[in-house]
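K.L.:
Sharing a structure below in structure tokens format, with a few things to ask.
The values are calculated or read from the model by the stated rules, or taken from the named source; none is laboratory data. Source: prediction; values computed, not measured. As a convention, Cβ positions derive from the backbone with ideal geometry for all residues, glycine included, and neighbour counts pool all protein chains shown.
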Amino acid sequence: MNTDLLPRDGLVLCAVSGGADSMYLLCRLRELGYPVAAAHYNHGLRGPEADRDQAFVRDLCAKWDIPFRSEKGDAAAYAVRAHMGLEQAGRELRYAFLERAADALGAAVIATAHTADDNAETVLLHLARGAGLKGLGGIPPVRGRVVRPMLDVTRQEVERYLRDKGIPHVEDASNLEDDFARNRVRHGAVPALETVNPAFVCAVGRSARLLRADEAFLEKLARDFLAVHADEKSADARALAEAPWPVASRAVRLLAGRELGLSHVEAVLQAARDGGAADVPGLRAACHKGRLVFGAESGPRLPERVLTVPGVTDIPEAGLRVCVTQFTDWPEDVHKSYNIFFFQCENICGSITVAGRRPGDRFRPAGRGCTKTLKQLFLEAGIPSWERDGVPVLRDERGVLGAYGLGADERVCAGPGDKNILRIVFRPMPGERG
């Protein structure tokens, strides 16, 4: 057992199910003189058998004078609420409970009884699912204050120790069934591979250690890359696109701050190469002025509204208010900007609406002498892709009249000497910043 993972001083909280592995851990730590406490989580899945296990651990801890914490949950209900598999739901509930128990008891670390066999099974499961180095490194010996000192102890060693010491334990009947993928690997794949190498479990442990070292080195290269080419939220898109895959893929995951699948990493790197955007779980990565920005949220898509003429129309999604005033003659207090428009009423076809962009939108900006698509105008104005859906566009029955911040179409623009004029002004809504 790897005691280097355990504190020289301070309480060790053992996760104790009552099964053979966790009883080995609890007894070995007591034997080695570590101050220990025990925590047991009942997932509420196995009915009376689970209650029996909880009572077994509680009574044993009382007999041995070991501080004890337990809790009963409902993993099945949590799995439904959180839209996840039963195994993942149980794991999340169990570790959350262990953290609370450690806080209550003042434990320095939380020790779990994962064995060399558990590690080998995990590597095989990850391999079957197409994992990279991180997954093939198996169960990490340390994660936060959770330590796994038994990763070099085989199940065979555990059983021999308990038998020699006469230490009781309980058996989980579900471990004998093949309903879960891990049990199928345990009962089928591992025995088959042991016919090739009887020391298969220990061999996988060695491979996992080597792969974890390789993963740590590559992650350091990725962090060094980010130190030069990135800040907290963005990276140099060209540098990222040209970096070697092992570095670039890890840099993407580090910038995203979450686990990303291969398809999401590839989508982000493609966005870096072509100057586009990629949506990944919970955030967007989008190029803007040569940077790949992480966490950019798309602006709200604006619904279509008919402007009140004359009058006021609010666009709460954009935080803007559109004020329309009608003049018989060209007004004296003319102040032109890309947020104030003067239209000739006679050139407007039907009602005026305001909404978000549409595919194919284009107009002829006054004074430019050419027709441009909204996409071209967005690029020229430096408006990032994630903000474009939130830009108000004015239209009539013939097409685009103008766009907020981009100007008006020359077919409707009014000037000095014109009659029957509409002035359309975009202002921040009350309570919004201008």
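Let's see how each residue does on (1) of a type outside the set (Ser, Thr, Tyr); (2) surrounded by fewer than 20 Cβ atoms within 10 Å (Cβ to Cβ); (3) touching a Leu at 6+ places or on another chain (Cβ under 9 Å):
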{"position": "2", "(1), (2), (3)": "yes, yes, yes"}
{"position": "13", "(1), (2), (3)": "yes, no, yes"}
{"position": "16", "(1), (2), (3)": "yes, no, yes"}
{"position": "30", "(1), (2), (3)": "yes, yes, no"}
{"position": "62", "(1), (2), (3)": "yes, yes, no"}
{"position": "67", "(1), (2), (3)": "yes, yes, yes"}
{"position": "94", "(1), (2), (3)": "yes, no, no"}
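K.L.:
Still on this structure, please answer the following. If residue 76 passes every condition in (1) assigned to a helix (DSSP H, G or I); (2) within 22 Å of the chain's Cα centre (by Cα) but one, which one does it miss?
P.N.:
(2)
K.L.:
Given (1) aromatic (Phe, Trp, Tyr); (2) more than 21 Å from residue 142 (Cα to Cα); (3) modelled with pLDDT of 95 or more, identify the lone condition not met by residue 78.
P.N.:
Of (1) aromatic (Phe, Trp, Tyr); (2) more than 21 Å from residue 142 (Cα to Cα); (3) modelled with pLDDT of 95 or more, only one is false for residue 78: (3).
K.L.:
Now for a different question. Taking the residues in segment 32-60 that are small (Gly, Ala, Ser) and within 19 Å of residue 161 (Cβ to Cβ) as candidates, determine which candidate is surrounded by the fewest Cβ atoms within 10 Å (Cβ to Cβ).
P.N.:
First, pick out the residues of segment 32-60 that are small (Gly, Ala, Ser): 33, 37-39, 44, 47, 50, 55.
Checking the rest, the ones that are also within 19 Å of residue 161 (Cβ to Cβ) come to 33, 38.
Working: 33: 7, 38: 25.
Only one residue fits best here, namely 33.
K.L.:
When residues of segment 39-70 are filtered for being β-branched (Val, Ile, Thr) and assigned to a helix (DSSP H, G or I), how many remain? Give the steps one after another, and end with the answer.
P.N.:
Taking segment 39-70 first, the residues β-branched (Val, Ile, Thr) are 57, 66.
Of the ones still in play, those that are also assigned to a helix (DSSP H, G or I) are 57.
The total comes to 1.
K.L.:
Let me ask something additional. Do you know which of the residues in segment 155-199 that are of a type in the set (Lys, Arg), under 12 Å from residue 24 (Cα atoms) and without any contact (Cβ under 8 Å) to a residue 24 or more places away in the chain is surrounded by the most Cβ atoms within 10 Å (Cβ to Cβ)?
P.N.:
So, considering only residues that are of a type in the set (Lys, Arg), under 12 Å from residue 24 (Cα atoms) and without any contact (Cβ under 8 Å) to a residue 24 or more places away in the chain, the one surrounded by the most Cβ atoms within 10 Å (Cβ to Cβ) is 160.
K.L.:
Continuing with this model, one more query. Any residue that is touching a helix residue (DSSP H, G or I) at 6+ places or on another chain (Cβ under 8 Å) and modelled with pLDDT of 90 or more - is there at least one of those in segment 272-288?
P.N.:
Scanning segment 272-288 turns up at least one residue that is touching a helix residue (DSSP H, G or I) at 6+ places or on another chain (Cβ under 8 Å) and modelled with pLDDT of 90 or more.
K.L.:
When you check residue 162 against the structure, is it under 30 Å from residue 10 (Cα atoms) and either aliphatic (A, V, I, L, M) or touching a strand residue (DSSP E or B) at 6+ places or on another chain (Cβ under 9 Å) (or both), yes or no?
P.N.:
Details: under 30 Å from residue 10 (Cα atoms): yes; either aliphatic (A, V, I, L, M) or touching a strand residue (DSSP E or B) at 6+ places or on another chain (Cβ under 9 Å) (or both): yes.
Yes: the conditions hold for residue 162.
K.L.:
Right, next: What is the residue count in segment 87-114 for residues that are in a helix (DSSP H, G or I) and not hydroxyl-bearing (Ser, Thr, Tyr)?
P.N.:
18
K.L.:
Just give me the residues in segment 234-256 being closer than 16 Å to residue 291 by Cα and of a type in the set (Val, Ile, Thr), in sequence order.
P.N.:
Passing the criteria: only 252.
K.L.:
Looking at (1) at pLDDT 95 or above; (2) part of a loop (DSSP other than H, G, I, E, B), which is the only condition residue 84 fails?
P.N.:
Only one criterion is unmet by residue 84, namely (1).
K.L.:
Name the residue that is farthest from residue 378 (Cα to Cα), counting only residues in segment 270-291 that are touching a Phe, Trp or Tyr at 6+ places or on another chain (Cβ under 8 Å) and crowded, with 20+ Cβ neighbours inside 10 Å.
P.N.:
Within segment 270-291, the match that is farthest from residue 378 (Cα to Cα) is 285.
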